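*Asks:* This is the structure, below, for whatever I ask next.
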């Protein structure tokens, strides 16, 4: 299964990344193997997916919006970017567009096109510029791609109905189901989520005297260059 990613590079409350990492790691474990991640390798959500794919011994492919993409990244992100880029099973570099935002959007659309499922780390707000997560989500909906929305602000996971049918063949209702503002985590996930929330709060004694809680490119060029590698290093 091919898993694409689109999401924020930064969060207003950086503590939200702990929740994102926990939920994304668990979500990837639920998908049938083998997995192939598809990412533009931006800081934040994109790089996190690549790192978790590596952690779970799965492969990932990279779509770069243009050749000099590294120069747009923060200096302190260069080392990790190069390391992950070197681990990619395939790297595709798109041709330059008239401006960076158009290039970002083209890369985001290619991530959608090459994926079976799109995971978004998104606060649900409109994009601040062309090619933002909201634009990629709109494109994925247009293409009727299954979407899993991780909202780092509300800390809930929303799944589009096609994803439920993709994972569970017994779910075959053709009718859309509105899951917005509802957590799709199962009961056991909710318990684990509460543990993560509790870990972020100061420990306290309980009132009862209890102790403290504690489509694959296959090496072809598409609007640019593509480099296929024999495997992970």
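The values are calculated or read from the model by the stated rules, or taken from the named source; none is laboratory data. Everything numeric here is computed off the predicted structure, so don't read it as measured data. In this analysis, Cβ positions are derived from the backbone assuming ideal geometry, glycine residues included, and neighbour counts consider all displayed protein chains.
*Asks:* Within the stretch 138-147, can one find any residue that is part of a strand (DSSP E or B), surrounded by 15 or more Cβ atoms within 10 Å (Cβ to Cβ) and under 16 Å from the mean Cα position of the chain (by Cα)?
*Replies:* So the first thing to find is which residues in the stretch 138-147 are part of a strand (DSSP E or B), and the list is 147.
Imposing the further condition that a residue be surrounded by 15 or more Cβ atoms within 10 Å (Cβ to Cβ) reduces the set to 147.
Remaining after also requiring under 16 Å from the mean Cα position of the chain (by Cα): 147.
Looking for residues that are part of a strand (DSSP E or B), surrounded by 15 or more Cβ atoms within 10 Å (Cβ to Cβ) and under 16 Å from the mean Cα position of the chain (by Cα), one finds at least one in the stretch 138-147, hence yes.
*Asks:* Also, quick follow-up: Tell me, which strands (runs of 3 or more DSSP E) wholly within the stretch 1-114 include 3 or more residues that are at pLDDT 95 or above and within 12 Å of the chain's Cα centre (by Cα)? Walk me through how you get there before you give the answer.
*Replies:* Values: elements: 2-7, 36-39, 59-64, 90-94.
Filter on the stretch 1-114 gives 2-7, 36-39.
*Asks:* Among the candidates 109, 128, single out the residue that is within 25 Å of residue 151 (Cβ to Cβ) and either crowded, with 16+ Cβ neighbours inside 10 Å or touching a strand residue (DSSP E or B) at 6+ places or on another chain (Cβ under 9 Å) (or both). So that I can check it myself, show each step before the final result.
*Replies:* Values: 128 fails: either crowded, with 16+ Cβ neighbours inside 10 Å or touching a strand residue (DSSP E or B) at 6+ places or on another chain (Cβ under 9 Å) (or both).
Step by step, each of 109, 128 is checked, and only 109 is within 25 Å of residue 151 (Cβ to Cβ) and either crowded, with 16+ Cβ neighbours inside 10 Å or touching a strand residue (DSSP E or B) at 6+ places or on another chain (Cβ under 9 Å) (or both).
*Asks:* Considering only residues that are in contact with a helix residue (DSSP H, G or I) (Cβ under 8 Å, 6 or more places away or on another chain) and under 30 Å from residue 57 (Cβ atoms), which ones fall in the stretch 94-126?
*Replies:* Correct list: 94, 108, 109, 111, 112, 116, 117, 118, 119, 120, 121, 122.
*Asks:* With (1) assigned to a helix (DSSP H, G or I); (2) more than 13 Å from the chain's Cα centre (by Cα); (3) farther than 18 Å from residue 70 by Cα as the list, and residue 124 as the residue in question, which single condition is left unmet?
*Replies:* Tallying (1) assigned to a helix (DSSP H, G or I); (2) more than 13 Å from the chain's Cα centre (by Cα); (3) farther than 18 Å from residue 70 by Cα, residue 124 fails exactly one: (1).
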